[in-house]
Structures are given as structure tokens and as C-alpha cells.
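Presented below is the structure to which this report refers.
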Amino acid sequence: MSITSKEIEKDLIRYLKNGNPILNEMKDVPLNESLVELGYIDSFGVIDLVTYLENKWKVKIENAEITKEKFGSISKMINLVYSKLSEA
Amino acid sequence: MCGIAGFIHKSIGPEEAKNKITKMISIINHRGPDDTCALIGKNFCVATARLAIEKIKYGQQPIVDDKKRYILSFNGEIFNYKDIISKYSFSENKINSEVKLLAKLFELKGINFIQEIQGQFAISIYDALADKLYLFRDRFGMRPVYYKKNNKVFLYSSEIKSIIAFEETAPATSLMSIASTSLFWSNIGNMTSFKDIFQIPPGNYLIFCNDKVEVKKYWENPISLLNNKDSLTNNFKYDDFFQLVKDAVKRQIHGEVGFSSYLSGGIDSSVISYVLTQIQKSPIDTFSIEFENKEYDESKAQKNIQKIINSNHYSLKISNQDIADNFEKAITHSECHLFRTAPIPMFLLSKYVREKGHKVVFTGEGADEILLGYDLFGETKVRKFWSKYPSSKSRPELLKKLYYYLPQFKNSRYFEITKEFYKKNLQNYDDIFYSHQMRWEQYVMIKSFFNIDDEKYEKKMLENVLLQSMPKNFKNLTMIRKAQLVEINTLLSGYLLSSQGDRMTMAHGVEGRYPYLDDVFTNEVAKISSNIKAPGLKLKNILRKTFMKYLPKDVVSRPKFAYQAPEAKVFFDNKKGMMIIDDFIENLPNQDNLKIEAFTNLIKKFKDKNSSLRLGFRENMAFIIGLSDHFLKKSAKNWSKFNSTNNEKIKYVYYK
């Protein structure tokens, strides 16, 4: 297992920042808060994020995982992807 | 339908005046390719490019009235033209065109003549005796009038490009327009996408006299005059409503050049096409858009209704590249910031209509606003219902019913997160714009792509501007009636009838007819309770239930499928699109309204091969607004250099 959770984090934040000038200007991106609640992604944006993570890391995110509990913040997304990569 | 343009001046010589008016009218020749005439006077010049539809033989414009006092020019249709003639017992031989009727009626009633007129119009009346100019615009804003006053002249036209061609200087694009389009999805009030150029708001008129501009409202939307409870609720008859629809369609069959109809696959245009077929008693010509991208395509529903009405059907298939290819052209006609690509297929469709020999096309705009068809009305109800019990599992499920056609709802895997998005501010009832909270919530994000950090572009400030344009009793109206008025004053007049309507049809000399926005129809429908129009989540039920008798169930009961077109990604999946992007990137350093880094990053995201087919809603919107700003600037430069070489078709008349 060569990919670290830090790498996933870095890549995800870069991707999010590309589509979001407010996040881009932030020094500390909120890792533990809900991006939807903060207003940083819209409902189409959720699909985009799931698609991006699946394509980028070649993982399959299950329906039951696209919830506030498992997918509700940047940290949760990282953990989800990282755990899948570790299992692989 | 025509294009009109004119100016009032003090110091321009006759030769220059002729050159200026020639430029102004030639640049909008697409609006009226049939004949062009310019009147040149000492202080006032006006010209009309005419698309001959009614009284073809007699309707030449501009006209000077018998007493040589009023000079009139007019773009549009007066649907109660014959009723007015008989009401006032005018001589049909003398009053043998709509513009002559307007002259006679204005002479008789002054400004109040406008209350008698039903239709879609922009009217220019110059009173030579008082050196006073009057400009009137129809109630919903189907026909445009733009104006600008500088130190020397007052300019006006059906399109902005005439004003820029006159001035020979390209104006800056307006940051306020970017802000308004990002928030409301359209310009509002008198604003346009260019600095110091204004539009007359729908239902308003303008007077220019003694170097002063005065704009006044002459009409209040009946939705605000009649609140939700009224006598029609108890004894409502669907057969009467059928007659209302039929009469509205009938009234708008006006002119000597025949008609055709758009057929989107939804109930609104299906009903119109059905009624038109019944009236004509023979098959009509219908036109549709199909998309190569199946996510947006409605061709199956279109074919269903086509078979029933047996129309001569013409369908135009649109690819992503078609949208990218024609984006710039469409911007030169929309003349404003677009927030989505949906006008481009309409631009191509009107071309097709014209190629098939039609000048008139019926279309279903207005039905969703007037008869409560939008998902937004349902969303407002669901959110209010959900807000009473925010932890409910079943209440947010109702959103799935409304937005079944959107990918985040279609695929149930996204719902758990998607609902969080709609849960925000659920109980914020104090917000006068409760219905639009979710949509306008996006503003903060979209605005971060542009240099609109100043306080005057804040959401609250813009909402106040909108509130000022609303009827005085707005606050006392029901949530749904408020939502209707917001839709009408923003998206309908500023976008659907304009950027996606008049400007796209008139680009090819085709006139749209909007029976759901007929003056008599909208007055009558406003009296009907919202609970009949849309009980619960049965949106536009009034129309569905009425036509159940005449059309098959799958047509009548088909839930709303909002017309959309593939968005920003159309520029990233083909060569032509990528060339546009390269040009855009190259020009980014000169884009003063756009945040360069934000756009550079956004383009990276669109290009990212791992991104989804659609990306986020706001990212698409910001991108389309930014790209249209680029093309608006380019267009304005071209218009400022416009030189008409083809003047021999123009008839010039000089008057003293």
C-alpha cells in the first residue's frame, strides 16, 4: 500500500479548490465539517465528488456510504477512500 | 414583428443623422428583413425594419399621423386590434394597419391608450408639437426596448447593438449584471449587461422631454391584485378553463402568414399544438429539439404527441459541438450574460423554423409561472411541510417526486446527502423570498468567481432592488403568489422571454407567440385559487385535468421535465470547443470582471479527466457567465465598428 491518506487529502483539496474560489483562498480548509452544510458544494457537486474519487482512486463507493455520516466532510471522504485502498 | 430604433438630438446635421439612423437600423435588420424605412427630421429620427405579418400591404412604418403631429413606430402584435376598431367605430378603410390604429387611439386617449391594448409590443410615439418621446413596452416584456441618454442624444432601439453602433464606442460590461445573473439568473428592473445602457422594464413606459427621462409603471400583475381566496374556487369548471385556453390561442392566431408551433414534449406546448390543430382543422407544422446527449433528450415524448395531433414534424438534433459552435453567435443576439447554454439550441431551432418558411411560432412560455408548473413551487411546499418536522425521514422523500429527472435524484445513492442541501434554512419563514432561498443560497459561491466584492453586490442589497420592483402589497401575498411574481420579474421576463425567447427567434426573423401570457388569459387565471392550479404537489394540475378529456394519459400526466441543455462541458469534449477555451484563456488577463485565478483553476477542473460529466451547478453557472462576459465584450467592440454598406434597400423620408 503506497498511497497515504495525506496524498488523498492533498489531491482532494486541490480538486475542491479548483472549483471553489472561497476554499482556494482559505489557509485552513475545514476538514471536519460538512461541505454541503457550509455551502461549499451543491447537490450536483456531490455527484461530481463521488465520481471524481471513484475515477481517481479506482475504488467503488457504495450507495450506503454516500451519507452525512460517512461522506459528510473532507476527513470522512479521505477515510472512506483510504480504507478502501487499504483493503484492496 | 419588427425592429425599431431612433434618437432625439439637437445638433446633428441631416447627413450625419442619416448615417447614424442607417447604422442603427441596419445592424438589427435580422428582426425585420421585409422592408426598412427611416424618417429623418430636425430633432428626431426613427426607423423600422419590418417583418410583415399583419396587414402586409398597408403596414409600412414609421408613420406620421394625419395632422402631422405624431410619428409612430411599432414592434409587435396588437391582438385586440379588430375589437378596438369596432369599439370606437373607426373606419376600417382609413385604419388599415395596427400602427395606424395606435396613432388614432393615442390621439384620442393619450397615455391611457395603453390600457386598451392587448398584445406583445414596443411602441415609439414622438409628439413633434411638444418635442416629446413616448416609449411603451408590453406587460410581460416579450418585446424589448433599450435606451441610453448621453450629453447630446437620447437613443433607443429594440436591440442594444444599435445604440453601440451609433456611439461607435464599446461600453464596459456591467458588474451589476454579472451579480444579478449570478443571483436571480437574469437582469432585473431597468438594468442590462452593459454599463449606462438601460431597458424599459415590462409593463412600463418612458417619456423623454426637456432632456429628462421618466419611467413609469402602467400595469400591475393581476396575481398581486387578487389574492388566494376568491369566488371562482368553489364553482370552478374545467370546461370553462378549456375555453379560456382555446380563446387565448385563437386570439394569437393573428396575421396573414400562417403559424407553426414548438413541441417540447411537455404538456404546455402539447396543449397549444393540439388546440391549434383543432382550430386549423388540418395538420400544423411542429418543431422540436432532440439532444444527442440522452440525459437531456425528450424526443420520445415529442413523438408521442406528434402522432396524436398528426403534425408535420421537424426535429433538430443538437450535439455538444453545436452548442459550443454557436455560443458566440447566440451571445451577439442575447446581448446579455447567460447563466446556461439552453438558449443556443433555441437559436438553432428558430433558424430551422425560418428555413421551413415560417415567420410565426407558438410556444409554451409562461405556463409554468401562470399555472404553477415549476418544481420550485413544489419545492417551496415540501420545504415548508418538512420544516414542521425536520427529522422526518419521509417528508424530504417528496423532493424525489419533483426532481425525478435530475441525476442526483434519479440515482437514489445520492439522496441522503442531497437532502442535506435542501434542509438548510428550512424554518426561515421570515424571509420574504422563502421560495427562492435554496436557489439564491448559491450566490455567495458563484459571486466568488467575479470581482463583485463591493457591498452593493451583496445578496441583501440586490434582493432589496428586486423588492422595489414588486407590487406594494407583495408582503401580504401568499408564499406561492410571491414565488410566482419573483419568477415572472426575474427569469421569465429577463431570460425566458428575452435571452431564450425574443432574441433567439428574432435572430432569424421569427416571431414567438405566447398564449399562456395572453392579457385576457392571465387576468382570468389570476382569479383562480392556487389550490386549483396546483393542489399539493400536483403541479399545473389545472391544465392536466382540463386536457385529460382530449389528450392521452401519458401526455397529460407526464411530470415536468425541465428543458435543459448540456452545460460547460460542451466546450471540453470537442476540437472547436477547445479552441474557444484556448482563446478564452489567452484573453483572461484582460478580463477585468473575472477573477483570473478562479477561472484558471475552474478550467483545470473541467479538463480533469476524472471529473464527472456535469460538475457542480455553480461551477457551470460561473463558467457560462464568465464566458458570456468575454463574448459580450468582443461583440460590443464589433458593434462599435459596424458600418452599413447595404443602404440601397432602405427607404428614407425627410420631414420638417
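Details
- Put a dot 7 Å past the Cα of residue B:19, heading toward its Cβ, do the same for residue B:89, and the two dots end up 5.4 nm apart.
- Beyond 21 Å, the tail of the calculated P(r) for segment B:267-403 holds 58 percent of the Cα pairs.
- R0 of 41 Å, Cβ-Cβ distance residue B:545-residue B:613: FRET efficiency to nearest 0.05: 0.65
- For chain B, the Kirkwood hydrodynamic radius from C-alpha pairs, put into Stokes-Einstein at 25 °C and a viscosity of 0.890 mPa s, yields a diffusion coefficient of 96 µm² per second.
- Sum of side-chain charges, residue B:497 neighbourhood, beta-carbon under 10 Å (Lys, Arg +1; Asp, Glu -1): -1
- Other residues lying with their Cβ under 13 Å from the Cβ of residue B:31 contribute a combined charge of 0, Lys and Arg counting +1, Asp and Glu -1.
- Taking every residue in B:597-608 and counting other chain Cβ atoms within 10 Å of its Cβ, the average works out to 4.
- With 0.36 nm allotted per residue and the present C-alpha distance subtracted, the residue B:538-residue B:218 stretch has 111.8 nm of extension available.
- Based on the Stokes-Einstein relation at 20 °C and a viscosity of 1.002 mPa s, and on the Kirkwood radius from alpha carbon pairs, segment B:341-394 is assigned a translational diffusion coefficient of 146 µm²/s.
- In plain terms, if you count all Cα to Cα distances in the protein assembly as shown and split them into 10 Å steps from zero, the share in each step is 3, 14, 24, 26, 19, 10, 4, 1, 0, 0 percent.
- In units of the compact-protein estimate 2.2 N^0.38 Å, segment B:487-557 shows a Cα radius of gyration of 1.36.
- Intensity falloff of segment B:264-333 expressed as log10 I(q)/I(0), Debye formula with alpha-carbon point scatterers, at q = 0.18, 0.19 Å⁻¹: -0.73, -0.78
- In the protein assembly as shown, the DSSP-assigned H stretches of four residues or longer account for a calculated mean residue ellipticity at 222 nm of -12000 deg cm²/dmol, using -39500 (n - 2.57) per stretch and the full residue count as denominator.
- In angstrom, the C-alpha Rg and Dmax of segment B:1-134 are 14.5, 44.
- Panel values: segment B:71-181, Kirkwood radius from alpha carbon pairs, Stokes-Einstein at 37 °C and 0.692 mPa s, translational diffusion coefficient 207 µm²/s.
- Net length available on complete extension from residue B:109 to residue B:129 is 5.5 nm, with 0.36 nm assigned per residue and the Cα-Cα distance removed.
- Neighbour net charge for residue B:614 - beta-carbon separation under 10 angstrom, K R +1, D E -1: -3
- With contacts taken as Cα pairs under 8 Å at a separation of at least 6 residues, chain B carries a relative contact order of 20 percent.
- Peptides B:311-322, B:482-493, B:436-447, B:626-637 ordered by average Cβ neighbours within 10 Å, highest first: B:482-493, B:626-637, B:436-447, B:311-322
- Debye, to nearest 20: dipole size of segment B:129-238, +1 on Lys, Arg Cβ, -1 on Asp, Glu Cβ: 240 debye
- Using the Cβ-Cβ distance between residue B:653 and residue B:10 with R0 = 22 Å, the FRET efficiency computed as 1/(1 + (r/R0)^6) comes to roughly 0.55.
- Once backbone amide H atoms are built at 1.01 Å from N, residue B:287 has B:261, B:262, B:263, B:314 as its partners under 5 Å, excluding neighbours fewer than 5 places away on the same chain.
- Cβ neighbours within 10 Å from other chains - mean over A:13-26: 6
- Cα-projected label distance for residue B:573 with residue B:237, points at 7 Å along beta-carbon direction, nm: 5.2 nm
- Full extension of the chain between residue A:27 and residue A:55 gives 7.4 nm of extra length, using 0.36 nm per residue less the Cα-Cα distance.
- Three principal axis extents of segment B:519-587 based on alpha-carbon atoms, in descending order, are 55, 29, 23 Å.
- Along its three principal directions, the equivalent ellipsoid of segment B:183-223 from the Cα gyration tensor extends over semi-axes of 20, 18, 5 Å, largest first.
- Cα-based shape type of segment B:362-520, given that a ≥ b ≥ c are square roots of the gyration tensor eigenvalues and the cut on a/c is 1.5: prolate
- With the convex hull of the Cα atoms taken as the outline of segment B:383-457, the averaged projected area works out to 6.4 nm².
- Cα-based convex hull volume of segment B:438-521 per residue, rounded to whole Å³: 140 Å³
- Average beta carbon contacts from partner chains per residue of B:409-420, 10 Å cutoff: 6
- Centre-to-centre, using Cα atoms only, segment B:434-512 and segment B:372-412 are separated by 22 Å.
- Computed from label points 7 Å out along Cα-Cβ, the spacing between residue B:300 and residue A:7 is 4.3 nm.
- Normalised alpha carbon radius of gyration of segment B:52-131 [divisor 2.2 N^0.38 Å]: 1.00
- Relative intensity of segment B:548-656 on a log10 scale, I(q)/I(0) at q = 0.14, 0.17 Å⁻¹, equals -0.72, -0.86, per a Debye sum over C-alpha point scatterers of equal strength in the absence of solvent.
- Inter-part distance where segment B:129-190 and segment B:274-301 are each reduced to a Cα centre, Å: 35 Å
Every read-out reported here was derived from the displayed coordinates using simple, explicitly stated rules and does not represent laboratory data. Keep in mind that what you see is a predicted model, and the values were worked out from it rather than measured. No Cβ is skipped: glycine too gets one built from the backbone with ideal geometry, and neighbour counts run over all protein chains shown.
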